[in-house]
Structures are given as C-alpha cells and as structure tokens.
Amino acid sequence: MKKEVLVDLIKQKYPHLTNQETELWIGRAWNTLLYESFKMDTSSVDFFCKQFYDIAVAKDTYDEYYCLLPVRPVQLPDNADGVRRVMCNKNGVDVTFVPVPRDSFGVFAELDIDKIDSSVGYSTKYNKIIWERNPNVEKVKMDIVPMFEDYDDEDEVSAPMGFDVRLAFLVDQLMSGIPDGKFWQAVNQNKVNN
C-alpha cells in the first residue's frame with residue numbers, strides 16, 4: 001500500500017487532522033511497532049528496509065570519515081540502529097561493513113584487529129554514520145529502516161500480515177487522549193484574546 005493511501009485511510013477516521021498531523025500519529029505508532037517487532041525477532045525489520053544507492057563517503061576537518069544518511073532511521077536497540085546494512089562493490093568484490101559501538105573504535109585500533117579481519121566498522125550517530133577508519137571507497141549503498149514520516153507519498157509501505165490492523169489499533173490508542181480540532185481552536189483563540 002502506498003504511504004498516501006494509508007494516511008488517507010487513517011484520516012477518514014480523524015478528518016479534523018491535517019495530513020501532516022495524521023502522518024505524525026501514524027509515525028509514532030509505526031515506529032513503536034517496528035521497535036516491538038525487533039525486540040521479538042531481530043530479522044523482522046529487514047522487511048521494512050529501504051535501499052539507498054550511491055551515498056558518498058566524505059572526510060571532515062578532523063580526518064574522520066562519514067556518510068550522511070538519506071533518511072532518519074528508526075532507532076533500534078542494537079549497534080546498527082536502523083541502518084541494517086552498509087555495503088559496496090570494490091573491484092568486483094562485495095564488501096559489507098560492520099556496525100560497532102563508537103566507543104569501541106579506540107579499543108579496536110589498539111588491538112591491530114585489521115591484521116586479522118579487514119572489515120571496517122561504522123557507528124550511527126544522528127544523521128550520519130561514522131567510519132572506524134578510512135573505508136577506502138567513494139560510495140556505498142545502505143539498507144535503512146526509515147521513520148514513517150521519511151517515506152515519500154508514493155513509496156510502498158510494506159507491512160506483514162496483521163501489522164496494518166495492529167497499526168490502526170495503536171493509532172486509535174494514541175489518539176484517544178487527544179482533544180479534537182475544535183478544542184485546540186478554542187485554546188488558540190483564548191491565547192490571542194488574552
């Protein structure tokens with residue numbers, strides 16, 4: 001189902017909300033369900049990955065290598081966060097990079113791990129990934145679990161069977177304590193008059 005169709009379906013039940021407000025509430029429910037799914041089965045979030053190509057590797061003024069993320073990843077409780085895979089093809093060989101905690105970079109540098117394993121580690125930080133050391137590539141591709149709000153309107157938002165029902169139920173739960181638009185209009189009107 002396309003994102004805009006899902007937003008329209010939920011919006012039918014809450015017509016006083018704008019599309020942006022509806023997306024926000026769906027996003028909260030969506031991200032919560034992804035987090036819960038991940039805690040039950042770490043492979044379950046692969047279903048929600050979106051692949052991004054040709055993401056440039058850059059170097060900052062502190063000689064640290066990084067890539068800007070094309071979307072905000074859903075925060076998941078592991079080293080990879082919502083960035084599930086980072087890979088490239090280097091000289092005809094597929095190279096996969098390894099998620100590691102950022103505080104391990106210094107420890108790995110002291111252990112000469114690269115003599116045993118040439119894998120390059122990365123860590124997710126805010127809107128970018130930071131490389132443990134020079135990955136020696138110009139571009140990578142990534143599989144990322146994007147936040148619902150970062151899907152384009154025309155994107156397919158795939159969901160396994162039953163997920164859509166749980167999503168609608170959770171949106172209802174989240175929305176049940178929220179006053180309708182008339183309430184907020186009255187509050188805003190009082191602020192203007194006072």
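Tabulated values for the structure
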{"read-out": "Subset of region 22-56 (residues that are among the acidic types (Asp, Glu) and more than 17 Å from Ala80 (Cβ to Cβ))", "value": "Glu23, Glu36, Asp54"}
{"read-out": "Any hit, region 22-40, residues being modelled with pLDDT under 85 and among the hydroxyl-bearing types (Ser, Thr, Tyr)", "value": "yes"}
{"read-out": "Qualifying residue in region 43-53 (condition: assigned by TED's automatic domain parsing to the domain that holds Asp152, among the polar types (S, T, N, Q), outside any loop (DSSP other than H, G, I, E, B) and crowded, with 18+ Cβ neighbours inside 10 Å)", "value": "no"}
{"read-out": "Residue list for region 1-39, restricted to those being small (Gly, Ala, Ser) and closer than 17 Å to Pro73 by Cβ", "value": "Gly27, Ser37"}
{"read-out": "Residue count, region 13-30 (criterion: in a helix (DSSP H, G or I) and closer than 11 Å to Asp172 by Cβ)", "value": "3"}
{"read-out": "Per-region count, region 61-103, residues part of a strand (DSSP E or B) and in contact with a strand residue (DSSP E or B) (Cβ under 8 Å, 6 or more places away or on another chain)", "value": "17"}
{"read-out": "Cβ pairs under 9 Å, 6+ apart, first in region 13-24 and touching a residue at least 40 places away in the same chain (Cβ under 8 Å), second buried (at least 16 other Cβ atoms within 10 Å of the Cβ) and of a type in the set (Lys, Arg)", "value": "Leu17/Lys11; Glu23/Lys3"}
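The values are calculated or read from the model by the stated rules, or taken from the named source; none is laboratory data. Because the structure is predicted, anything quoted here is derived from the model rather than measured. Cβ coordinates were reconstructed from backbone atoms using ideal geometry, including for glycine residues, and neighbour counts include every protein chain displayed.
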